[in-house]
Amino acid sequence: MRILAIAQNTFRESIRDKVLYVLLFFAAVTIFGSKALGWISIGQDIKIVKDIALGATSIFGILIAIFVGTSLIYKEIDKRTLYTILSQPMHRYEFVVGKYLGLMALLAVVTAIMAAVSSVYILLLGGSLTTTYFLAILLIYWKLMLITAFAILLSAMTSPILGAIIVFSVAVFGHATEVFRDLPPQFDGTFAKSMLEAAYYVIPNLSNFDIAREAANDVAVSGAYVVWAMSYGLMYTVMLLILAALAFQEKDV
């Protein structure tokens, strides 16, 4: 019940954040503006609209997770409301989990809104939607779960600005981890190669959640792959939340 109360309060606070509505506005502009790019490629307009709509859902979802998530705990400390909360009979990990669940509820609403808008837009343009399109949205939300857990961890460890920079960097590199493994021969035997290979195994491979190309081309994706990708994301998410709880437990506030 205490975790649920924290989650409900976090959802109410986050949904009033002006940054959320600014990002949603630009997401809507990107989705509706995708038709303009579709005109350039004859006969491929629906594919491009689907690709851009899924890309906008992913990018703006990540930005919302970063800008809201990295400041969640810092705001409570800055406003001194954290002391009132922690004076209650509550474990610190309950506070962290409640914050995480509240933000994930917000991202579920935001993702559902962007998915509904893009789906209606595609249908109005004469396109069709397959199961793969909605699986792509599900995996985007799963990716946001992982990134939000990392944002909560950074929120417990550092300032919102530094945390946002680190999470954004990991989100960018997480979509290109294959580059760290497939290095050109001139890197052989260098310290940089060892570091980049270590980064390959530490940074989660976020491209595992990206099936936008298959969704745009109406190519079926196996259920086994989706389950594997969700299990992969869940493993990282749980690990990051445990680290966040431990970091907040040791934090001197």
Quiz item: How many of the residues in region 158-200 are modelled with pLDDT under 85 and either farther than 30 Å from Phe95 by Cα or hydrophobic (A, V, I, L, M, F, W, C) (or both)?
Solution: 26
Quiz item: What pairs come up if the first residue lies in region 6-22 and is among the basic types (Lys, Arg), the second is open to solvent by less than 30 Å² (accessible area, probe 1.4 Å), and their beta carbons are under 9 Å apart, counting only those six or more places apart or on different chains?
Solution: Arg12/Gly102
Quiz item: Out of curiosity, is Ile62 in contact (Cβ under 8 Å) with a residue 40 or more places away in the chain and surrounded by 22 or more Cβ atoms within 10 Å (Cβ to Cβ)?
Solution: yes
Self-check item: Leading residue by the ranking (farthest from Phe150 (Cα to Cα)) among those in region 160-169 that are open to solvent by less than 70 Å² (accessible area, probe 1.4 Å) and touching a residue at least 40 places away in the same chain (Cβ under 8 Å)
Solution: Pro160
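Could you list, in sequence order, the residues of region 54-97 that are part of a loop (DSSP other than H, G, I, E, B) and over 25 Å from Ala171 (Cβ atoms)?
Our first condition is that a residue be part of a loop (DSSP other than H, G, I, E, B); within region 54-97, this holds for 70-71, 79-80, 87-91.
Result: Lys79, Arg80, Ser87, Gln88, Pro89, Met90, His91.
Those residues that are in a helix (DSSP H, G or I), free of Cβ contacts under 8 Å to residues at least 24 places away in the same chain and either closer than 29 Å to Ile137 by Cβ or acidic (Asp, Glu) (or both), I need them from region 170-218; list them, please.
Listed by number, the residues that qualify are Val172, Val179, Phe180, Arg181, Glu197, Tyr200, Tyr201, Val202.
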Quiz item: Which members of region 12-36 meet the condition of being open to solvent by 90 Å² or more (accessible area, probe 1.4 Å) and not charged (D, E, K, R)?
Solution: Tyr21, Phe25, Phe26, Phe32
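The values are calculated or read from the model by the stated rules, or taken from the named source; none is laboratory data. Source: prediction; values computed, not measured. A quick note on method: Cβ atoms are made from the backbone with ideal geometry, for glycine too, and the neighbour counts reach across all protein chains shown. Accessible surface areas use protein heavy atoms only, side chains included; no ligands, DNA or RNA. Shrake-Rupley method; radii C 1.70, N 1.55, O 1.52, S 1.80 Å.
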